[in-house]
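A short write-up of the structure that comes next.
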Amino acid sequence: MSIVGIAGIGLATSTPQAASGGEGFTPPGPSTFEYPAIAAGVTKPMVLIVLAAVLAFAALYATARKAAVVPGKLQYAGEQGYTFVRNGIARDIIGQHDFMKFVPYLVALFFFLLINNVFGLVPLIQFPSFSRAGFAYGLAALTWILYNGVGIYRHGVVGYLKNQSVPAGVTGPILVLIIPLEFVSNIVVRPVTLALRLFANMFAGHLLLILFTIGGEYLVFESGNLAYAPVGVLAWLMATAVSFLELLVQFLQAYVFTLLTAMYISGALSEEH
């Protein structure tokens, strides 16, 4: 089994998708993201999801455990991350009156997402958990339950459904068309698009990294033609560049998911749609 380490990305190329086996280069595909069970049906992505939750809790606990008036470096870093979500997302989006009760969920959500996403660039892990669609849909379902539950608690079932389905100021026969569209858009489609955005970005970015990395290895070591070697080196350079771009995307996807969650909560709490 050969390993290529480019910009912290060591990808095993003995997988069926990467092995050339004398039959030419086989590009990676969706099956690359399928992992055999480690034990008792538990796979690597499952372990990473749990590990991310533990790391998020440990990091937040460590930064707050010995809070002081003059913060140390660790406390300062934790406070900056907390303040970023508390003020920049929760307060600005949900509003001064209601935002504090949702801050714990939004802070935990942001750091949980960020850690899972960054796993895609961590050596020896190299797998963004939310490149598995099931995990992304599961997390989106939690947000869906939260904002709908909050809306029903605030307005009642009928009041909430009316608030989400009937735009303010719209009257007349056009409501026959508007109400079903608004209901589907606000109640049904939101968790799907929320999950797809996260999943698609993590999946596509990681697939691109794999392609450049194992493609470069094939051209340099396994193609049998030295003329291809410079192209292989260029592919590795591209993998390095994509790694930095992917780090930005990983942060942005954690931010966007958390931001949209706050927006949906705000919409559920508001008196008018």
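The values are calculated or read from the model by the stated rules, or taken from the named source; none is laboratory data. A quick note: this is a predicted structure, and the numbers were derived from the prediction, not measured. So basically every Cβ, Gly included, is an ideal-geometry build from the backbone, and we count neighbours across all protein chains shown.
Candidates in the range 1-52 are the residues that are modelled with pLDDT under 50, of a type in the set (A, V, I, L, M) and assigned to a strand (DSSP E or B); of these, the one that is nearest to the chain's Cα centre (by Cα) is 9. Filtering 180, 173, 191 for residues that are without any contact (Cβ under 8 Å) to a residue 60 or more places away in the chain and either touching a Pro at 6+ places or on another chain (Cβ under 8 Å) or within 20 Å of residue 256 (Cβ to Cβ) (or both) leaves a single hit, 191.
Of the residues making up the range 208-251, those that are surrounded by fewer than 17 Cβ atoms within 10 Å (Cβ to Cβ), over 16 Å from residue 120 (Cβ atoms) and modelled with pLDDT of 85 or more number 7. Taken over the range 239-250, the residue count meeting the criterion of being β-branched (Val, Ile, Thr) and farther than 19 Å from residue 199 by Cα is 1.
Is at least one residue of the range 256-265 crowded, with 17+ Cβ neighbours inside 10 Å and over 30 Å from residue 166 (Cβ atoms)? No, because not a single residue in the range 256-265 is crowded, with 17+ Cβ neighbours inside 10 Å and over 30 Å from residue 166 (Cβ atoms).
Close contacts from the range 251-273, counting a first residue that is closer than 15 Å to residue 197 by Cβ and a second that is among the basic types (Lys, Arg) and modelled with pLDDT of 90 or more, with Cβ to Cβ under 8 Å and a gap of 6+ residues or different chains, come to 253/197; 256/197; 257/197; 264/190. For the range 223-232, the condition of being more than 25 Å from the chain's Cα centre (by Cα), aliphatic (A, V, I, L, M) and not in a helix (DSSP H, G or I) holds for none of the residues.
Is it fair to say residue 109 is at pLDDT 90 or above and closer than 23 Å to residue 267 by Cβ? Steps first, answer last, please.
Values: at pLDDT 90 or above: yes; closer than 23 Å to residue 267 by Cβ: yes.
In short, yes.
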